Protein chains: 2
Amino acid sequence: MRAKCSVFIATSLDGYISRPDGSIDWLNEANASVPEGEDCGYGAFIRTVDVLVMGRNTFELALTFDAWPYESLQVVVLSSHGVAVPEGLAQTVSVSSESPAQLVARLAALGRKHLYVDGGKTIQSFLADDLVDEMTITLIPVLLGAGRPLFGPLQADKRLSLLASRAFEFGFVQNRYRVEAKPAEPRR
Amino acid sequence: MRAKCSVFIATSLDGYISRPDGSIDWLNEANASVPEGEDCGYGAFIRTVDVLVMGRNTFELALTFDAWPYESLQVVVLSSHGVAVPEGLAQTVSVSSESPAQLVARLAALGRKHLYVDGGKTIQSFLADDLVDEMTITLIPVLLGAGRPLFGPLQADKRLSLLASRAFEFGFVQNRYRVEAKPAEPRR
(Lines give C-alpha, C1' and ligand atoms only; values in the text may rest on other atoms or scores of the structure.)
Protein backbone atom coordinates (compact mmCIF):
# COMPACT_ATOMS: atom_id res chain seq x y z
CA MET A 1 0.00 0.00 0.00
CA ARG A 2 1.07 3.53 -0.68
CA ALA A 3 1.77 5.76 2.32
CA LYS A 4 -0.68 8.59 2.94
CA CYS A 5 0.80 12.05 2.35
CA SER A 6 -0.56 15.02 4.28
CA VAL A 7 0.12 18.73 4.30
CA PHE A 8 -0.42 20.77 7.47
CA ILE A 9 0.47 24.39 6.98
CA ALA A 10 -0.46 28.00 7.64
CA THR A 11 -0.70 30.67 4.95
CA SER A 12 -1.47 34.34 4.84
CA LEU A 13 -4.86 35.17 3.34
CA ASP A 14 -3.02 35.92 0.10
CA GLY A 15 -1.52 32.45 0.04
CA TYR A 16 2.06 32.94 1.23
CA ILE A 17 3.87 30.63 3.61
CA SER A 18 6.74 33.07 4.17
CA ARG A 19 8.00 36.45 3.04
CA PRO A 20 10.22 36.69 -0.05
CA ASP A 21 13.29 36.23 2.20
CA GLY A 22 11.74 33.20 3.92
CA SER A 23 10.90 34.93 7.18
CA ILE A 24 7.77 34.05 9.16
CA ASP A 25 7.72 36.99 11.57
CA TRP A 26 4.08 37.65 10.54
CA LEU A 27 3.16 34.09 11.55
CA ASN A 28 4.99 34.31 14.85
CA GLU A 29 3.20 37.60 15.49
CA ALA A 30 -0.18 36.03 14.68
CA ASN A 31 0.61 33.05 16.90
CA ALA A 32 1.19 35.46 19.78
CA SER A 33 -2.59 36.05 19.77
CA VAL A 34 -3.31 32.32 20.17
CA PRO A 35 -4.30 31.35 23.70
CA GLU A 36 -1.83 29.26 25.71
CA GLY A 37 -2.43 25.57 25.11
CA GLU A 38 -4.22 25.99 21.75
CA ASP A 39 -2.18 24.30 19.02
CA CYS A 40 -4.84 24.33 16.27
CA GLY A 41 -4.71 20.55 15.97
CA TYR A 42 -0.98 20.31 15.32
CA GLY A 43 -0.22 17.95 18.22
CA ALA A 44 -2.96 15.52 17.25
CA PHE A 45 -1.77 15.64 13.65
CA ILE A 46 1.95 15.18 14.30
CA ARG A 47 1.31 12.15 16.54
CA THR A 48 -0.08 10.33 13.48
CA VAL A 49 2.98 11.08 11.33
CA ASP A 50 5.70 8.51 10.65
CA VAL A 51 8.02 10.61 8.51
CA LEU A 52 8.33 14.33 7.89
CA VAL A 53 9.46 15.22 4.35
CA MET A 54 10.71 18.73 3.71
CA GLY A 55 12.88 20.72 1.34
CA ARG A 56 16.17 22.37 2.11
CA ASN A 57 14.63 25.80 2.74
CA THR A 58 12.26 24.47 5.39
CA PHE A 59 15.05 22.44 6.97
CA GLU A 60 17.34 25.45 7.18
CA LEU A 61 14.51 27.52 8.67
CA ALA A 62 13.85 24.83 11.30
CA LEU A 63 17.57 24.83 12.18
CA THR A 64 17.28 28.50 13.17
CA PHE A 65 14.63 27.74 15.82
CA ASP A 66 15.76 27.77 19.45
CA ALA A 67 15.36 24.00 19.60
CA TRP A 68 14.89 21.35 16.91
CA PRO A 69 11.10 21.11 16.83
CA TYR A 70 10.65 17.51 15.68
CA GLU A 71 12.21 15.56 18.54
CA SER A 72 12.55 11.90 17.55
CA LEU A 73 10.41 12.14 14.40
CA GLN A 74 12.12 10.77 11.32
CA VAL A 75 12.83 13.60 8.85
CA VAL A 76 13.84 13.34 5.20
CA VAL A 77 15.23 16.47 3.56
CA LEU A 78 14.66 16.33 -0.17
CA SER A 79 17.41 18.10 -2.03
CA SER A 80 19.18 17.58 -5.32
CA HIS A 81 22.27 19.17 -3.76
CA GLY A 82 23.89 18.07 -0.54
CA VAL A 83 22.60 19.43 2.74
CA ALA A 84 24.71 19.54 5.88
CA VAL A 85 22.96 17.81 8.77
CA PRO A 86 24.21 18.84 12.22
CA GLU A 87 25.70 15.93 14.13
CA GLY A 88 23.07 16.03 16.84
CA LEU A 89 20.37 15.32 14.26
CA ALA A 90 22.08 12.50 12.42
CA GLN A 91 19.90 9.88 14.17
CA THR A 92 16.63 11.28 12.82
CA VAL A 93 17.42 13.43 9.77
CA SER A 94 18.47 12.02 6.42
CA VAL A 95 18.93 13.70 3.06
CA SER A 96 17.64 12.30 -0.21
CA SER A 97 17.67 13.30 -3.85
CA GLU A 98 14.88 10.87 -4.77
CA SER A 99 11.83 12.03 -6.67
CA PRO A 100 8.68 12.38 -4.56
CA ALA A 101 7.29 9.14 -6.02
CA GLN A 102 10.51 7.23 -5.36
CA LEU A 103 10.65 8.50 -1.80
CA VAL A 104 7.02 7.63 -1.07
CA ALA A 105 7.49 4.15 -2.55
CA ARG A 106 10.65 3.52 -0.52
CA LEU A 107 9.11 4.71 2.75
CA ALA A 108 5.94 2.71 2.13
CA ALA A 109 8.06 -0.39 1.53
CA LEU A 110 9.66 0.29 4.93
CA GLY A 111 6.18 0.23 6.50
CA ARG A 112 5.78 4.00 6.90
CA LYS A 113 2.09 4.81 6.65
CA HIS A 114 1.80 8.57 7.04
CA LEU A 115 4.11 11.19 5.58
CA TYR A 116 3.92 14.86 6.50
CA VAL A 117 4.98 16.90 3.47
CA ASP A 118 6.20 20.38 4.37
CA GLY A 119 7.67 23.41 2.63
CA GLY A 120 6.42 25.28 -0.41
CA LYS A 121 8.49 23.70 -3.17
CA THR A 122 8.20 20.22 -1.68
CA ILE A 123 4.43 20.48 -1.35
CA GLN A 124 4.19 21.82 -4.91
CA SER A 125 6.20 18.94 -6.33
CA PHE A 126 4.16 16.33 -4.40
CA LEU A 127 0.94 17.97 -5.60
CA ALA A 128 2.16 18.11 -9.19
CA ASP A 129 2.95 14.37 -8.97
CA ASP A 130 -0.52 13.58 -7.52
CA LEU A 131 0.95 12.36 -4.25
CA VAL A 132 -0.87 14.56 -1.72
CA ASP A 133 -3.89 12.95 -0.07
CA GLU A 134 -4.93 15.53 2.49
CA MET A 135 -4.23 19.20 3.13
CA THR A 136 -4.93 21.07 6.32
CA ILE A 137 -4.53 24.77 5.63
CA THR A 138 -4.79 27.38 8.36
CA LEU A 139 -5.59 30.83 6.99
CA ILE A 140 -3.98 33.64 8.96
CA PRO A 141 -5.90 36.94 8.72
CA VAL A 142 -3.15 39.04 7.20
CA LEU A 143 -2.21 40.12 3.68
CA LEU A 144 1.52 40.20 2.96
CA GLY A 145 1.47 41.35 -0.66
CA ALA A 146 4.49 39.20 -1.58
CA GLY A 147 6.25 36.04 -0.47
CA ARG A 148 6.75 32.38 -1.15
CA PRO A 149 3.44 30.91 -2.23
CA LEU A 150 2.00 27.64 -0.96
CA PHE A 151 0.72 26.70 -4.39
CA GLY A 152 2.36 26.68 -7.78
CA PRO A 153 1.69 25.74 -11.39
CA LEU A 154 -0.17 22.51 -12.18
CA GLN A 155 -0.65 20.47 -15.33
CA ALA A 156 -4.40 20.31 -14.73
CA ASP A 157 -7.05 21.43 -12.24
CA LYS A 158 -7.16 19.54 -8.95
CA ARG A 159 -10.47 19.03 -7.25
CA LEU A 160 -10.65 18.80 -3.48
CA SER A 161 -13.30 17.77 -0.99
CA LEU A 162 -13.75 19.71 2.20
CA LEU A 163 -13.47 17.32 5.15
CA ALA A 164 -13.63 19.85 7.99
CA SER A 165 -13.63 23.59 8.61
CA ARG A 166 -13.01 25.34 11.86
CA ALA A 167 -12.88 29.02 12.74
CA PHE A 168 -10.96 30.12 15.83
CA GLU A 169 -12.01 33.12 17.87
CA PHE A 170 -8.59 34.68 17.27
CA GLY A 171 -9.35 34.80 13.54
CA PHE A 172 -7.62 31.75 12.07
CA VAL A 173 -9.71 29.52 9.79
CA GLN A 174 -8.52 25.95 9.36
CA ASN A 175 -9.79 23.89 6.43
CA ARG A 176 -9.01 20.24 5.85
CA TYR A 177 -9.33 18.93 2.29
CA ARG A 178 -8.98 15.57 0.60
CA VAL A 179 -7.27 15.90 -2.77
CA GLU A 180 -9.37 13.97 -5.22
CA ALA A 181 -7.66 11.46 -7.48
CA LYS A 182 -7.13 12.57 -11.03
CA PRO A 183 -10.04 11.39 -13.19
CA ALA A 184 -9.07 8.47 -15.39
CA GLU A 185 -8.07 9.38 -18.93
CA PRO A 186 -10.87 8.63 -21.36
CA ARG A 187 -10.20 5.43 -23.31
CA ARG A 188 -9.57 5.78 -26.99
CA MET B 1 -18.87 60.31 5.98
CA ARG B 2 -16.95 57.96 3.75
CA ALA B 3 -18.91 55.23 1.98
CA LYS B 4 -18.24 51.67 3.10
CA CYS B 5 -16.44 49.55 0.49
CA SER B 6 -17.00 45.79 0.42
CA VAL B 7 -15.62 42.92 -1.60
CA PHE B 8 -17.72 39.79 -2.18
CA ILE B 9 -15.92 37.28 -4.33
CA ALA B 10 -15.08 33.63 -4.91
CA THR B 11 -11.57 32.31 -5.43
CA SER B 12 -10.00 28.96 -6.10
CA LEU B 13 -8.08 27.53 -3.14
CA ASP B 14 -4.92 28.84 -4.81
CA GLY B 15 -6.31 32.36 -4.88
CA TYR B 16 -7.43 32.88 -8.46
CA ILE B 17 -10.63 34.63 -9.48
CA SER B 18 -10.39 33.47 -13.10
CA ARG B 19 -8.13 31.53 -15.44
CA PRO B 20 -5.32 33.37 -17.27
CA ASP B 21 -7.76 34.10 -20.14
CA GLY B 22 -10.42 35.39 -17.72
CA SER B 23 -12.69 32.36 -17.93
CA ILE B 24 -14.66 31.16 -14.91
CA ASP B 25 -15.73 27.76 -16.21
CA TRP B 26 -14.31 26.17 -13.02
CA LEU B 27 -16.56 28.44 -10.91
CA ASN B 28 -19.62 27.70 -13.01
CA GLU B 29 -18.83 23.99 -12.67
CA ALA B 30 -18.49 24.32 -8.87
CA ASN B 31 -21.73 26.29 -8.70
CA ALA B 32 -23.48 23.41 -10.42
CA SER B 33 -23.03 21.44 -7.17
CA VAL B 34 -24.78 24.14 -5.13
CA PRO B 35 -28.37 23.24 -4.19
CA GLU B 36 -31.16 25.19 -5.88
CA GLY B 37 -32.01 28.30 -3.89
CA GLU B 38 -28.63 28.53 -2.08
CA ASP B 39 -26.89 31.76 -3.03
CA CYS B 40 -24.20 31.76 -0.31
CA GLY B 41 -25.38 35.11 1.01
CA TYR B 42 -25.11 37.00 -2.27
CA GLY B 43 -28.73 38.19 -2.36
CA ALA B 44 -28.61 39.53 1.19
CA PHE B 45 -25.32 41.26 0.39
CA ILE B 46 -26.31 42.84 -2.92
CA ARG B 47 -29.50 44.28 -1.41
CA THR B 48 -27.30 46.44 0.88
CA VAL B 49 -25.23 47.79 -2.03
CA ASP B 50 -25.77 51.28 -3.47
CA VAL B 51 -23.13 51.21 -6.20
CA LEU B 52 -21.14 48.45 -7.84
CA VAL B 53 -17.62 49.47 -8.88
CA MET B 54 -15.75 47.26 -11.30
CA GLY B 55 -12.95 47.31 -13.83
CA ARG B 56 -13.22 46.90 -17.55
CA ASN B 57 -12.37 43.17 -17.50
CA THR B 58 -15.19 42.39 -15.07
CA PHE B 59 -17.60 44.58 -17.03
CA GLU B 60 -16.76 42.85 -20.29
CA LEU B 61 -17.18 39.45 -18.62
CA ALA B 62 -20.59 40.47 -17.25
CA LEU B 63 -21.62 41.57 -20.75
CA THR B 64 -21.10 37.99 -21.97
CA PHE B 65 -23.67 36.60 -19.52
CA ASP B 66 -27.07 35.65 -20.92
CA ALA B 67 -28.65 38.60 -19.14
CA TRP B 68 -27.15 41.65 -17.43
CA PRO B 69 -26.92 40.43 -13.83
CA TYR B 70 -27.23 43.72 -11.93
CA GLU B 71 -30.71 44.88 -12.92
CA SER B 72 -31.23 48.46 -11.75
CA LEU B 73 -28.11 48.62 -9.56
CA GLN B 74 -25.90 51.60 -10.31
CA VAL B 75 -22.59 50.44 -11.80
CA VAL B 76 -19.40 52.43 -12.27
CA VAL B 77 -16.77 50.95 -14.59
CA LEU B 78 -13.34 52.26 -13.64
CA SER B 79 -11.13 52.54 -16.67
CA SER B 80 -8.42 54.91 -17.79
CA HIS B 81 -9.42 54.18 -21.38
CA GLY B 82 -12.91 54.52 -22.75
CA VAL B 83 -15.33 51.62 -22.42
CA ALA B 84 -18.31 51.16 -24.70
CA VAL B 85 -21.52 50.84 -22.71
CA PRO B 86 -24.38 49.16 -24.60
CA GLU B 87 -27.35 51.48 -25.06
CA GLY B 88 -29.64 49.31 -22.95
CA LEU B 89 -27.39 49.85 -19.92
CA ALA B 90 -26.88 53.60 -20.25
CA GLN B 91 -29.35 54.29 -17.43
CA THR B 92 -27.38 52.36 -14.81
CA VAL B 93 -23.79 52.01 -16.06
CA SER B 94 -21.32 54.88 -16.17
CA VAL B 95 -17.59 54.91 -16.89
CA SER B 96 -15.06 56.82 -14.85
CA SER B 97 -11.32 57.36 -14.91
CA GLU B 98 -11.22 58.67 -11.33
CA SER B 99 -8.83 57.24 -8.79
CA PRO B 100 -10.46 54.92 -6.22
CA ALA B 101 -10.27 57.66 -3.57
CA GLN B 102 -11.80 60.26 -5.88
CA LEU B 103 -14.62 57.91 -6.83
CA VAL B 104 -15.38 56.96 -3.22
CA ALA B 105 -15.41 60.62 -2.19
CA ARG B 106 -17.71 61.61 -5.06
CA LEU B 107 -20.16 58.79 -4.41
CA ALA B 108 -20.17 59.47 -0.66
CA ALA B 109 -20.95 63.14 -1.38
CA LEU B 110 -23.92 61.89 -3.44
CA GLY B 111 -25.16 60.00 -0.39
CA ARG B 112 -24.06 56.53 -1.48
CA LYS B 113 -23.30 54.52 1.64
CA HIS B 114 -22.18 51.09 0.44
CA LEU B 115 -19.96 50.33 -2.53
CA TYR B 116 -19.38 46.82 -3.85
CA VAL B 117 -15.87 46.65 -5.31
CA ASP B 118 -15.43 43.86 -7.84
CA GLY B 119 -12.75 42.54 -10.18
CA GLY B 120 -9.14 41.63 -9.44
CA LYS B 121 -7.34 44.81 -10.48
CA THR B 122 -10.03 47.06 -9.03
CA ILE B 123 -10.00 45.27 -5.70
CA GLN B 124 -6.20 45.39 -5.64
CA SER B 125 -6.13 49.13 -6.25
CA PHE B 126 -8.78 49.80 -3.58
CA LEU B 127 -6.85 47.63 -1.11
CA ALA B 128 -3.57 49.35 -1.95
CA ASP B 129 -5.26 52.70 -1.28
CA ASP B 130 -6.69 51.50 2.09
CA LEU B 131 -10.26 51.84 0.88
CA VAL B 132 -11.62 48.33 1.47
CA ASP B 133 -13.58 47.89 4.71
CA GLU B 134 -14.89 44.35 4.43
CA MET B 135 -14.09 41.30 2.33
CA THR B 136 -16.28 38.23 1.95
CA ILE B 137 -14.23 35.53 0.25
CA THR B 138 -15.72 32.21 -0.75
CA LEU B 139 -13.07 29.51 -1.19
CA ILE B 140 -13.90 27.03 -3.92
CA PRO B 141 -12.30 23.60 -3.38
CA VAL B 142 -10.25 23.46 -6.57
CA LEU B 143 -6.65 24.26 -7.49
CA LEU B 144 -6.20 25.90 -10.89
CA GLY B 145 -2.42 26.30 -10.94
CA ALA B 146 -2.59 29.61 -12.80
CA GLY B 147 -4.94 32.52 -13.33
CA ARG B 148 -5.75 36.07 -12.35
CA PRO B 149 -5.12 36.43 -8.63
CA LEU B 150 -7.45 38.14 -6.20
CA PHE B 151 -4.58 39.74 -4.32
CA GLY B 152 -1.57 41.66 -5.51
CA PRO B 153 1.42 43.58 -4.18
CA LEU B 154 1.01 45.87 -1.18
CA GLN B 155 3.15 48.59 0.34
CA ALA B 156 2.76 47.05 3.80
CA ASP B 157 1.08 44.15 5.57
CA LYS B 158 -2.66 44.45 6.05
CA ARG B 159 -4.23 42.96 9.15
CA LEU B 160 -7.77 41.66 9.03
CA SER B 161 -10.30 40.55 11.62
CA LEU B 162 -12.45 37.52 10.99
CA LEU B 163 -16.11 38.52 11.33
CA ALA B 164 -17.73 35.26 10.26
CA SER B 165 -16.85 31.88 8.78
CA ARG B 166 -19.21 29.42 7.23
CA ALA B 167 -18.64 26.03 5.64
CA PHE B 168 -21.15 24.69 3.16
CA GLU B 169 -21.82 20.98 2.78
CA PHE B 170 -20.87 21.24 -0.89
CA GLY B 171 -17.35 22.25 0.14
CA PHE B 172 -17.28 26.03 -0.17
CA VAL B 173 -15.91 27.97 2.82
CA GLN B 174 -16.95 31.59 3.12
CA ASN B 175 -14.98 33.94 5.35
CA ARG B 176 -15.89 37.53 6.08
CA TYR B 177 -13.12 39.85 7.20
CA ARG B 178 -12.87 43.44 8.31
CA VAL B 179 -9.75 45.12 6.94
CA GLU B 180 -8.10 46.87 9.85
CA ALA B 181 -7.12 50.49 9.42
CA LYS B 182 -3.46 51.14 8.87
CA PRO B 183 -1.74 51.85 12.19
CA ALA B 184 -0.95 55.53 12.60
CA GLU B 185 2.58 56.52 11.65
CA PRO B 186 4.73 56.98 14.74
CA ARG B 187 5.17 60.68 15.55
CA ARG B 188 8.60 62.12 15.19
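Quick notes
- Ligands, DNA and RNA are left out, and with a 1.4 angstrom probe the accessible area of the protein assembly as shown is 51 Å² per residue.
- Share of carbon and sulfur in the accessible area of chain A stands at 51%, probe radius 1.4 Å.
- Charge dipole (debye, nearest 20) of segment A:59-132; +1 at Cβ of Lys and Arg, -1 at Cβ of Asp and Glu: 240
- Residue of A:Gly88, A:Gly152, A:Gly15 that the Gaussian network model of chain A assigns the largest fluctuation, springs spanning Cα pairs under 10 Å: A:Gly88
- Dipole axis of segment A:77-188 (+1 Lys, Arg; -1 Asp, Glu on Cβ), positive-most option in A:Leu160, A:Ile137, A:Leu107: A:Leu160
- Charge dipole (debye, nearest 20) of the protein assembly as shown; +1 at Cβ of Lys and Arg, -1 at Cβ of Asp and Glu: 140
- Filtered trypsin sites (Lys or Arg not before Pro), segment A:43-149: DSSP coil and at most 12 other beta carbons within 10 Å: A:Arg47
- Annotation: segment B:41-157 has a Kirkwood hydrodynamic radius of 15.4 angstrom, from the mean reciprocal C-alpha pair distance.
- Which of A:Ser6, A:Cys40, A:Gly147, positive extreme of dipole for chain A (C-beta unit charges): A:Ser6
- Around the Cα centre of segment B:86-188, unit charges on the Cβ atoms of Lys, Arg, Asp and Glu (plus for the first two, minus for the last two) sum to a dipole of about 300 debye.
- Residues in segment B:154-175 occluded by at least 40 Å² - accessible area, probe radius 1.4 Å, against chain by itself: B:Leu154, B:Asp157, B:Arg159, B:Leu160, B:Leu162, B:Val173
- Based on C-alpha pairs under 8 angstrom that are at least 6 apart in sequence, chain B has a relative contact order of 34 percent.
- Computed with a 1.4 angstrom probe on protein heavy atoms, the B-A interface buries about 2500 square angstrom of accessible area in total.
- Note on segment B:34-56 and segment A:32-101: Cα centroid distance 44 Å, given to the nearest whole angstrom.
The values are calculated or read from the model by the stated rules, or taken from the named source; none is laboratory data. Predicted model, so just to flag it, every value in this text is computed and none were measured. Every residue, glycine as well, gets a Cβ built from its backbone with ideal geometry; the counts of neighbours run over all protein chains shown. Note: areas computed on protein heavy atoms with side chains; ligands, DNA, RNA excluded. Shrake-Rupley method; radii C 1.70, N 1.55, O 1.52, S 1.80 Å.
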